[in-house]
Amino acid sequence: MNTRWLNSFVMMSLSALISPVLAVTIPSELPKPDASPGGSDKPVKVYILAGQSNMVGFGALAGARPAYPSVFLSSDPSVLPARMPIGASALLPHGVFVSADAKSSPGARMSIYEGAYKKGVDYASLKPLKEATIALGTVAAELPSVDGAHTVVMRAFIDVPLTGFHEIHAGFGESANAIVTLDGKEVYRQDTGGKLILTKVLLEKGTRYPISITFQKGGSSVFWMEHVDMKGQGDLTSLHEQGKYSWFFDDKGEWSVRNDVIYREVRVSKDELGRGGPLSATSNGRGIGPEVPFGFVMGTYHEEQVLLIESSMGNRALSFDFRPPSSGRTDPDNKWEGLEYRLMVEGVHKTLKNIEKVIPDYKGQGYEIVGFVWFQGHKDRGRTKAEYEKHLVNLIQDLRKEFNVPDMNAVVATVGFGGKDMIPEYEEILKAQLAVGDPKQHPEFAGKVASVDIRGFWRSQGESPTGTDYHYNHNAETYVLTGDALGRAMVELLGGKAEKLDGSSSRQVRHPDVERIYSAGILSRYSKTNKNPTPEQYGKMSQALRPIILDKLIPAFIEQAFGPDARRLKGLSLADLLKGKKPAKMGDGISSQLDTLISYYEAAGIFDYSWKTVDPEMDKASWLYASFDPPEKQASEKSNRYRDITYPAGMENWFKPGFDAAAAGWKTGHAPFGQKDGKRVGRRSNCYQPLCGCSATPATLWEKEVLLMQQTFDLPAAKAGYVYRFILGGAGCDRSGESFEVYVNGKLLTRVQGGFYRNAGVRGAYVYEDILPEFKGGKVTLSVLHFLRYTHHRNRDEYLGKPVLPNGHVSVRMEEAKVSPDVMHAASQ
């Protein structure tokens, strides 16, 4: 007997038996792909991927912006971690301590030296007249003083809760004339009559830095900082710059490409065989999804060519759209029920039938459907565990039957919205998705189906490109970790080994205050769990914030408002308002840059420049009015109600002073005027716009589509250095009446021909130079035309399946605002 042949046969047999044990081990850090296309001597390894839009992927590749443009830090005890009450920045407390000792008490060592401040004097070498430990950073606290000329020097140690570059500021008003050194280096100088010189410095959290502040003049002992040069987080490029996920980039820093993994998207694409090609981070355009890291893992594992066939669609439910055949039909006549399942099957069959057109240089080696990948759950929110679990089990089993792969492997990613703080509506879906991979609950799937809990991959809004929670805040790391974990789970189902890629180990442990400001409850303006301070708490902080607002935010805003980038600011131009220049094109609302500036002053506790009512009784005044349906009809579902209409006989000059309203049959009624479905009722009880007032019960019924109003008021003369506007109340929210005209002494003040939509701001008109001369003091005739509204704010005549009732609400108020000296100075330049 040929023993050499026998030994060879035995070795081949043993190799076949033990190959699963000696299978490839996937390292935690994947190798970068080479240019090889994968082996063509064995069948192509095929994977089917499906789910909702998150399966296709919304992880940002680049361009993430920081959640806050900057963060202001204060040691004033009233300051809480929160959003700034105005602007887009955040607010954090920071520490000031007597020494670097971790157990030292808060405060600073104060020394008073004889004589006025002199440049070049080494005050540390002099004997002080007086020493004490006092608070540093409290706006209300005044610097200590003694009789006669003197100089105050404060020495302390500071720390910050967030690592990064900071700018340091000292004093407020006169005391801002100071010099600050940090660790022996000058970082702030404001000499009397000189320009402010700031040097940003890198500060690390957990480290205490010695500072010295030499005040050239007395006053407030305030001390504050600004964290600047904030970076965007959570896009793949930023993650790579942090040393993560290098395998998605080649040696030139470009997106790497896996020629051994071919990706085809067969659902959204209009191409006959779907779009795709060799796998890279850009396979789905501008976002990365789980399919990319999954494919990178499988390409590393398999020597053969790999084909990923994706069939996913956003806003689709397993219980309806992806409903598998074994789950039966709830409505056999509904073509949409089960459509996504059918389209998925159709797309896979078509792709495999034309595999030679999909795989480059295909050599007839055939294919093998290896596994199925599922990532979905958002649309099934609120379903029970039993219901979702039934459909998911049926989905896996039906696909096995459809493609004649009785033991096809399947990996399922759970929902992960909110991470460990997931809302209850998703918890049942989570339990169902975990159940199918649990051999105790589903022994029939043991060793062939795995579940991947992705809650640990959730990244908050503050560390992500956006706050779109249902797309995992567009955080690329969430999608990378999800797809990578799905791939490693599949490898283990196939008998291989995979080291864990721990996405949580590299996350920084942040200071509790930092975690707070980056939480959705603070960061998102639309969070249902708003954790920002109440208006009362913000009011208590106003004095502490005054130096930041008056010395930093307001000057920066004014400079931009009068500079070349003024258009980037929201609202009507501040420069045009002060010039009295009427814009060539007006929007529906009259929110202006002046409104923003006023909010800055108010946040600092300064109300001298706020809007004030000229006549407090005007919005409740008695008016002459008429209401009618014009002969020029317009379908109720059509928005933009303004049109040329025929007025009733005798009303052609209704807007002019001296119009004989009595002869025209007009009535008298008090504002506000309004209706809802022909009834005199308020429209909302929770109106969030202070200028709206639509929840107030109308004093007079707005009877028909068109409302005409006129009244003559005795008004004071317009004053220099003030801005004036008219407010039409009842307009801060949706369904607020539509299209209007306002006349002053017969001259057109404004005409708005479109609808007024939710959050459009304030409805009315500013008084520009063409109308301002009418306000010389004395009688002024106001005339108003208004159309009812019949559509929802999204321009639908139905809302929640019911017709929108005709509605409107209007009152008129005149307001004035004094212009601050800083703004007047900027306008004069």
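Any idea which of P547, I48, F659 is furthest toward the positive side of the dipole for the chain, if Lys and Arg beta-carbons carry +1 and Asp and Glu beta-carbons -1?
Toward the positive end, the furthest listed residue is F659.
Tell me the per residue accessible area of the chain using a 1.4 Å probe; a whole number in Å² is fine.
Each residue of the chain exposes 46 Å² on average to a 1.4 Å probe.
If we sort 776-783, 217-224, 120-127, 715-722 on the protection proxy, mean other Cβ atoms within 10 Å, highest first, what's the order?
Packing order, densest peptide first, comes out as 217-224, 776-783, 715-722, 120-127.
Looking at the calculated P(r) for the range 224-381, what percent of the C-alpha pair distances fall above 26 Å?
40
Go ahead and run the numbers for FRET between S246 and T534, Cβ-Cβ distance against an R0 of 41 Å, rounding to 0.05.
Once rounded, the FRET efficiency stands at 0.30.
Can you tell me the 0 to 90 degree angle between the C-alpha axis of helix 291-301 and the longest principal axis of the chain, rounded to 10?
Approximately 30 degrees, to the nearest 10.
How tilted is helix 535-548 with respect to the longest principal axis of the chain? Cα atoms for both, answer in degrees (0 to 90, nearest 10).
Its long axis makes an angle of about 80 degrees.
When a/c is below 1.5 the answer is rounded, else prolate if a/b is larger than b/c, else oblate, so apply that to the range 418-504 with a ≥ b ≥ c taken from the square roots of the Cα gyration tensor eigenvalues.
Oblate shape, in that a/c is at least 1.5 and b/c is the bigger or equal ratio.
Can you give the Rg/Rh ratio of the range 114-188, where Rg is from the C-alpha atoms and Rh is the Kirkwood radius?
In the range 114-188, Rg relative to Rh is 0.95.
Each residue of the range 354-365 in turn: what ³J(HN,Hα) in whole Hz from Karplus with 6.51, -1.76, 1.60 and θ = phi - 60°, glycine and Pro shown as x?
3J(HN,Hα) across the range 354-365, in whole Hz: 10, 4, 5, 8, 9, 8, x, 6, 5, 10, x, 6.
If the chain between A100 and V681 were fully stretched, how many nm would it gain, using 0.36 nm times the residue separation less the Cα-Cα distance?
This chain segment gains 202.6 nm when fully extended.
Given a cut-off of 22 Å, name the pairs among K379/K401; K612/K704; K581/K776 whose C-alpha atoms lie farther apart than that in the structure shown.
Long pairs (Cα-Cα over 22 Å): K379/K401; K612/K704.
Setting aside same-chain residues fewer than 8 positions from K118, which aspartates and glutamates have a Cα under 15 Å from its Cα?
The reachable aspartates and glutamates, counting only those whose Cα sits under 15 Å from K118, are D191.
Taking the range 295-345, which trypsin sites (Lys or Arg not before Pro) meet the DSSP loop condition and have no more than 16 other C-beta atoms within 10 Å?
Here the sparse-neighbourhood loop sites are R329, K335.
If one computes the Cα centroid of the range 532-553 and of the range 369-390, what distance in Å separates the two points?
With the range 532-553 and the range 369-390 each reduced to a Cα centre, they are spaced 48 Å.
How large is the Rg to Rh ratio of the range 564-653 when both quantities use alpha carbon positions and Rh follows Kirkwood?
1.10
Taking amide H atoms as placed 1.01 Å from N in the peptide plane, list the residues 5 or more away in sequence, or in a different chain, whose amide H sits under 5 Å from that of A62.
It is L236, T237, by chain and number.
So for the chain, taking the charge dipole from beta-carbon charges (+1 Lys/Arg, -1 Asp/Glu), which of Q711, H166, V514 sits furthest toward the positive end?
Checking the options against the dipole of the chain, the answer is Q711.
Determine how many Å³ per residue the convex hull of the Cα atoms of the range 454-546 encloses.
114
Enumerate by residue number the trypsin sites (Lys or Arg not before Pro) in the range 514-616 meeting two conditions: DSSP loop (anything except H, G, I, E, B), and at most 13 other Cβ atoms within 10 Å of the site's Cβ.
Here the sparse-neighbourhood loop sites are R525, K528, K570, K581, K585.
Report the dimensions of the range 39-106 along its three principal axes from the alpha-carbon atoms, largest first, rounded to Å.
The Cα atoms of the range 39-106 stretch 74, 34, 20 Å along the principal axes, largest first.
Helix 424-435 sits at what angle to the longest principal axis of the chain, using alpha carbons and giving 0 to 90 degrees rounded to 10?
10
Ratio of the range 305-411's C-alpha Rg to 2.2 N^0.38 Å, to two decimals?
1.16
Please list, or write none, the aspartates and glutamates whose alpha carbon is within less than 12 Å of the alpha carbon of K719, excluding same-chain residues fewer than 8 places away.
Reachable aspartates and glutamates: E816.
Inverting the mean 1/r over all pairs of different Cα atoms, compute the Kirkwood radius of the range 243-336 and quote it in Å.
15.4
Of K270/K363; K244/K500; K200/K231; K676/K802; K585/K656, which ones are farther than 19 Å apart at the Cα?
Long pairs (Cα-Cα over 19 Å): K270/K363; K585/K656.
Read phi for every residue in the range 570-585 and hand back ³J(HN,Hα) as whole Hz from Karplus 6.51 cos²θ - 1.76 cosθ + 1.60, θ = phi - 60°, with x for Gly and Pro.
Those phi angles translate into 6, x, 4, 5, 5, 4, 5, 4, 6, 7, x, 8, 7, x, 5, 9 Hz.
At most 14 other Cβ atoms within 10 Å plus a DSSP loop assignment makes a site exposed; report the longest stretch of the chain without any exposed GluC sites (Glu not before Pro).
Free of exposed loop sites, the longest segment is 304-498.
Along its principal axes, what span do the Cα atoms of the range 170-297 show, with the longest given first and each in whole Å?
77, 28, 24
Size of the dipole of the range 537-644 about the Cα centre, Lys and Arg at +1 and Asp and Glu at -1 on the beta carbon, nothing else charged, in debye to 20?
Dipole magnitude for the range 537-644 comes out near 320 debye.
Largest first, please: the extent of the C-alpha atoms of the range 507-581 along each principal axis, to the nearest Å.
50, 28, 26
Rounded to the nearest 500, what is the chain's calculated 222 nm mean residue ellipticity when only DSSP H runs of at least 4 contribute -39500 (n - 2.57) each, over all residues?
Using -39500 (n - 2.57) per qualifying helix, the result is -5500 deg cm²/dmol.
Determine the dipole magnitude for the chain: charges of +1 sit on the beta-carbon of Lys and Arg, -1 on that of Asp and Glu, nothing else is charged, the reference point is the Cα centre, and the result goes in debye to the nearest 20.
1040
From the gyration tensor of the Cα coordinates in the range 68-141, what semi-axes in whole Å does the equivalent ellipsoid have, largest first, with each one equal to sqrt(5λ)?
Whole-Å semi-axes of the equivalent ellipsoid: 31, 16, 11.
Starting from the Cα gyration tensor of the range 331-474, multiply each eigenvalue by 5, take the square root, and state the resulting semi-axes largest first in whole Å.
29, 20, 17
Whenever you get a sec, compute what percent of the accessible area on the chain sits on carbon and sulfur atoms (1.4 Å probe).
It is 51 percent, rounded to a whole number.
Mind checking Rg over Rh on the chain, alpha carbons, Kirkwood formula for Rh?
Reported Rg/Rh (Cα atoms, Kirkwood Rh): 1.08.
Cα centroids of the range 572-643 and the range 267-337: how far apart, whole angstrom?
50
The values are calculated or read from the model by the stated rules, or taken from the named source; none is laboratory data. Everything numeric here is computed off the predicted structure, so don't read it as measured data. Backbone-built Cβ (ideal geometry, glycine too); neighbour counts: all protein chains shown. Protein only, heavy atoms only, side chains kept; ligands, DNA and RNA dropped before computing areas. Shrake-Rupley method; radii C 1.70, N 1.55, O 1.52, S 1.80 Å.
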